[in-house]
Every structure is written in structure tokens, then in C-alpha cells.
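K.L.:
Next up is a structure, given as C-alpha cells.
The values are calculated or read from the model by the stated rules, or taken from the named source; none is laboratory data. Bear in mind the structure is a predicted one, so any value in this text is a computation, not a measurement. Positions of Cβ are generated from backbone atoms using ideal geometry, with glycine treated the same way; all protein chains shown enter the neighbour counts. Side chains are part of the model used for accessible areas, which takes the heavy atoms of the whole protein and leaves out ligands, DNA and RNA. Shrake-Rupley method; radii C 1.70, N 1.55, O 1.52, S 1.80 Å.
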Amino acid sequence: MSDRIVDPSLGVSPSVAIPFNIDWIFPRLRNPSSFWYWASQFVVAAVGIFSKIVLMFLNKTRVYNKERLVNLISKRPKDIPLVTVSNHYSCFDDPGLWGCLPMSIVCSTYNIRWSMAAHDICFTNKRHSLFFMFGKCIPVVRGNGVYQEAINLCIEKAAQGHWIHVFPEGKVNMEKEELRLKWGVGRIIYESPKIPIILPLWHIGMDDMLPNVEPYVLQRGKKITVNVGQPLDLNDYILDLKKRQVPEPTARKLITDKIQEAFRFLRAETEKLHSERE
């Protein structure tokens, strides 16, 4: 999801090492079979229940404006996509964050998000690839540009009205810096045939629950704060970009900048809410 432009017809860039062939995954995610849905339902439900237990029962989690997220997932028009964006502080952010959602969402393969996952972490062999594929994860090759298959597939899923979650920082931000967001999210939003609802989230404490240092063991009793922001009303802004025929690289950067601005406000608000909790 970097800014580097590569040929859209290329599956992967020859400059990026691919430890395990992922080409076979995209056709299965693009046109899921009946078996895929059955297997996905099993994996999603198992992971969803586990996430809910860890997030809501074993730790001290408070979610602000949860109904906003729940309503947009379950009550938006079927043909309108939802793109959620959040900071990325822990490897357990996804699926862990979704443990706050009702069982009808977190345990349903029809309702839960599509999400991109690093190919060199989650898709390193056939067994891991099947697990994450059934978990509705799309392998993204970091460093392979915004025109790779993962971004293309996200745009296709958006065209079908699905919920897509993106970590626009592009990696686990262990230093919690204000990183320049990757432009892949801007391309997904700009090239979606129907402008998505864009919903930012910010969370604090997930890296206390699963530290980013060995031995990577889930903790109990940690204070976690999740704050669901206001949907970003970018419809008129995006329509104006298209009307003026702003070049796609420029448009995706401008859209990503809007998300970065929303993140700044939401981060400050969430840090205040988190510090005020006992």
C-alpha cells in the first residue's frame, strides 16, 4: 500500500519477496464456493466467540458510541459499502476489536468485515492461508503498491456493499507515532462504484492485552478503550474530485489526508477518555 505505482496487471512486484504463493487465494475469495461459506462460518464464529471472551470478559473494556458502529453494520442500505479505519497498535487488533460487537455480527461470516492481512505473517503456508482466508482476510503484500490484487479485491467487495476494515498505518505501530497513512485506503474509497460510508475508530490498551514483545501472551484485567468516531461525510468532496477529473493518485492522497485529520481529533479524544477512566 505504498505510493509506488506498479503495473495493475502484475500480481506481485518482483522486488517483494513472497515466501508462499498466494495467487490461488484471490479467485476463492472473489467467488466463494458453498464449502467456503460453511468453513468461513465455522472459523468466524470460533474466532468471534474467543475475541468476545478475551475483550469483554477477561479485560476491562469500555466502548464509546458502539451503537454507531453496530447500526452502520446492520442497518445501512445493502448496496452501500462501509469502510472502517483504525489505528493499529497490536497484532490482536483484528479480530480482537470486533469482540465488542453483538454475537449476530461477530459470529456471522455474512456480517463480519473483510480485512487485509500481511502475506508474510498470515499467509506463509497452506494451513495458515486457509485459516485466514476462511476468516475473511485478504493477503496484502506490503511494499507492492496500491495497484495490487488485495486493493483490487477490496474495491470489488465495496462494489458489492460489503464492510471492509483497513489499518491505514500499514503496520503495527509499536511506537505509536503519527505515521503518514498509506494511500491504499484512499484508492478503495475513490474507486468504489458507490461511495462508502467511512467510519474512523481509535483504541487504546490493545497492546497491553497482547504486548508486542515476546512471549506474546494474552493478558487479563487490562484497561482497554475503544472510541467510535463520527462517519466522515466525504460524498460531496469525492463527487467534486470526480467531476473535476482530479487524477486518481492526487485524489486518493486527498481522501487519505481527510482520514488523517479525523484520526488526530479522535486520538486526542480517546486518550482523554482513557485517562479519565478508573
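K.L.:
Could you tell me whether Val106 is touching a strand residue (DSSP E or B) at 6+ places or on another chain (Cβ under 8 Å) and at pLDDT 95 or above? Write out each step before concluding.
P.N.:
Details: touching a strand residue (DSSP E or B) at 6+ places or on another chain (Cβ under 8 Å): no; at pLDDT 95 or above: yes.
Criteria not met by Val106.
Conditions (1) of a type in the set (A, V, I, L, M, F, W, C); (2) under 27 Å from Ile121 (Cβ atoms); (3) modelled with pLDDT of 95 or more, marked per residue:
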site: Pro168; (1), (2), (3): no, yes, yes
site: Lys171; (1), (2), (3): no, yes, yes
site: Glu177; (1), (2), (3): no, yes, yes
site: Gly184; (1), (2), (3): no, yes, yes
site: Ile197; (1), (2), (3): yes, no, yes
site: Asp208; (1), (2), (3): no, yes, yes
site: Pro211; (1), (2), (3): no, yes, yes
site: Asp236; (1), (2), (3): no, no, yes
site: Lys242; (1), (2), (3): no, no, yes
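K.L.:
Against the definition (at pLDDT 95 or above, part of a helix (DSSP H, G or I) and either open to solvent by 30 Å² or more (accessible area, probe 1.4 Å) or within 22 Å of Pro196 (Cβ to Cβ) (or both)), how does Ala46 come out, yes or no?
P.N.:
On the way: at pLDDT 95 or above: yes; part of a helix (DSSP H, G or I): yes; either open to solvent by 30 Å² or more (accessible area, probe 1.4 Å) or within 22 Å of Pro196 (Cβ to Cβ) (or both): yes.
Criteria met by Ala46.
K.L.:
Where in region 165-278 are there helices (runs of 4 or more DSSP H), lying fully within it, with 3 or more residues that are open to solvent by 50 Å² or more (accessible area, probe 1.4 Å) and closer than 17 Å to Asn65 by Cα?
P.N.:
Counting at least 3 such residues, we get 248-276.
K.L.:
From the list Leu72, Leu55, Leu82, Leu29, which one is touching a residue at least 24 places away in the same chain (Cβ under 8 Å), out of contact with any helix residue (DSSP H, G or I) (no Cβ under 9 Å at 6 or more places or on another chain), among the hydrophobic types (A, V, I, L, M, F, W, C) and open to solvent by less than 40 Å² (accessible area, probe 1.4 Å)? If you could, list the steps in order and put the result at the bottom.
P.N.:
Values: Leu55 fails: out of contact with any helix residue (DSSP H, G or I) (no Cβ under 9 Å at 6 or more places or on another chain); Leu82 fails: out of contact with any helix residue (DSSP H, G or I) (no Cβ under 9 Å at 6 or more places or on another chain); Leu29 fails: out of contact with any helix residue (DSSP H, G or I) (no Cβ under 9 Å at 6 or more places or on another chain).
Sole residue among the options that is touching a residue at least 24 places away in the same chain (Cβ under 8 Å), out of contact with any helix residue (DSSP H, G or I) (no Cβ under 9 Å at 6 or more places or on another chain), among the hydrophobic types (A, V, I, L, M, F, W, C) and open to solvent by less than 40 Å² (accessible area, probe 1.4 Å): Leu72.
K.L.:
In region 70-98, which residues are over 14 Å from Thr270 (Cβ atoms), aliphatic (A, V, I, L, M) and part of a helix (DSSP H, G or I)?
P.N.:
Val70, Leu72, Ile73
K.L.:
I'd like the residue in region 127-161 that is of a type in the set (S, T, N, Q) and assigned to a loop (DSSP other than H, G, I, E, B) and, out of all such residues, is most open to solvent (accessible area, probe 1.4 Å). Show your work before the answer.
P.N.:
Initial filter on region 127-161 (of a type in the set (S, T, N, Q)): 129, 144, 148, 152, 160.
Checking which are assigned to a loop (DSSP other than H, G, I, E, B) leaves us with 144, 148, 160.
Working: Asn144: 3, Gln148: 5, Gln160: 102 Å².
So the residue we want is Gln160.
K.L.:
Also, I was wondering about something else. Being closer than 20 Å to Glu149 by Cα and of a type in the set (A, V, I, L, M, F, W, C) is the filter here; which residues of region 72-130 pass it?
P.N.:
Taking region 72-130 and keeping what is closer than 20 Å to Glu149 by Cα, we get 81-85, 113-126, 128-130.
Passing the criteria: Leu82, Val83, Val85, Trp114, Met116, Ala117, Ala118, Ile121, Cys122, Phe123, Leu130.
K.L.:
Also, quick follow-up: Hey, can you tell me all the residues within region 62-109 that are more than 21 Å from Val185 (Cα to Cα) and among the hydroxyl-bearing types (Ser, Thr, Tyr)?
P.N.:
Matches in region 62-109: Tyr64, Ser74, Ser104, Ser108, Thr109.
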